[in-house]
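Here is the structure we will look at, set down as structure tokens.
The values are calculated or read from the model by the stated rules, or taken from the named source; none is laboratory data. What you see is a predicted model, and the numbers here were worked out from it, not measured in a lab. Using ideal geometry, Cβ is built from the backbone for each residue, glycine included, and neighbour counts are taken over all protein chains shown.
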Amino acid sequence: MRILLVEDEKKVAAFIKKGLMEEFYTVDVAVEGEDGLFMATNAEYDLIILDVMLPDMNGIDICREIRKQNIKTPVMMLTAVDATESKVEGLDSGADDYVTKPFSFDEFLARVRSLLRRPSSSESSLKVKDLTLDPVKHEVYRAGKKVDLTWKEFALLEYMIRNKGRVLSRTRIFENIWGYDVETSSNIVDVYVSYLRDKVDKHVSPKLIHTVRGVGYILRED
């Protein structure tokens with residue numbers, strides 16, 4: 001699952017991103033409100049986490065604009081202000097949850113999981129043929145056997161399942177799995193697709209992950 005975090009305090013952003021990535025989430029980070037709004041309205045996310053106090057455009061205004069554009073992605077607000085008025089304003093702007101800093105990270109993760117379980121976001125389980133992926137429990141089964149994946153392999157497989165039947169370019173895969181703020185080798189997508197094939201497709205049939213020469217990859221049932 002892909003999460004957008006808009007947080008201008010770099011240490012806080014790094015802490016939250018690290019914790020979410022350890023839970024198998026793909027995380028994009030924006031440190032300015034305008035950048036966060038652009039990313040929220042130009043890419044698909046399963047959850048958007050907005051700090052209220054930002055140097056340019058505050059989180060409440062971002063949330064209002066997101067809802068004006070009919071984007072129904074769950075939104076969690078973060079703030080250091082523990083005031084009822086502030087929470088009411090945030091929730092009235094269209095936010096789904098409100099967390100006050102400092103917070104227990106275990107509670108924070110529980111709230112993230114709760115938002116991601118809502119019908120408006122993701123299904124509780126994804127299935128293609130005999131391949132099953134649970135995005136909340138982070139479990140994968142193929143032909144009834146559990147498949148152990150790294151968090152990047154899991155994110156890649158989830159993204160391909162959610163886009164089954166679509167040809168996905170390497171650029172699109174990279175942006176959705178590795179995010180905007182990562183610099184790495186150009187063949188990283190091919191490397192991880194190879195890893196995934198070894199674990200998901202190698203000893204079973206039918207094969208689900210296919211190469212579209214010169215373009216990218218597709219996960220399909222036939």
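Scanning region 133-161 for residues that are free of Cβ contacts under 8 Å to residues at least 12 places away in the same chain, basic (K, R) and in a strand (DSSP E or B) gives K145, K146.
Contact map, region 207-222: residues that are under 14 Å from I161 (Cβ atoms) paired with residues that are loosely packed, with under 11 Cβ neighbours inside 10 Å, Cβ distance under 9 Å, separation 6+ or inter-chain. Pairs shown: L208/E221; I218/G165; L219/G165; R220/G165; E221/G165; E221/P206. Taken over region 194-222, residues that are over 16 Å from L131 (Cβ atoms) and surrounded by 11 or more Cβ atoms within 10 Å (Cβ to Cβ) amount to 5.
When region 6-26 is filtered for residues that are under 17 Å from the mean Cα position of the chain (by Cα) and either charged (D, E, K, R) or at pLDDT 90 or above (or both), the ones remaining, listed by number, are V6, E7, A13, A14, F15, I16, K17, K18, G19, L20, E22, E23.
Would you check which residues across region 204-217 are of a type in the set (V, I, T) and under 13 Å from S194 (Cα atoms) and list them? Within region 204-217, I209, T211 qualify. Could you tell me whether region 200-215 includes any residue that is under 30 Å from A30 (Cα atoms) and either modelled with pLDDT of 95 or more or not assigned by TED's automatic domain parsing to the domain that holds D46 (or both)? Yes; the residues of region 200-215 include at least one that is under 30 Å from A30 (Cα atoms) and either modelled with pLDDT of 95 or more or not assigned by TED's automatic domain parsing to the domain that holds D46 (or both). The residues of region 196-206 that are in contact (Cβ under 8 Å) with a residue 40 or more places away in the chain and touching a Lys or Arg at 6+ places or on another chain (Cβ under 9 Å), listed by number, are K199, V200, V204, P206. Count of region 88-112 residues, restricted to those that are modelled with pLDDT under 90, within 21 Å of T41 (Cα to Cα), among the charged types (D, E, K, R) and not in a helix (DSSP H, G or I), is 0.
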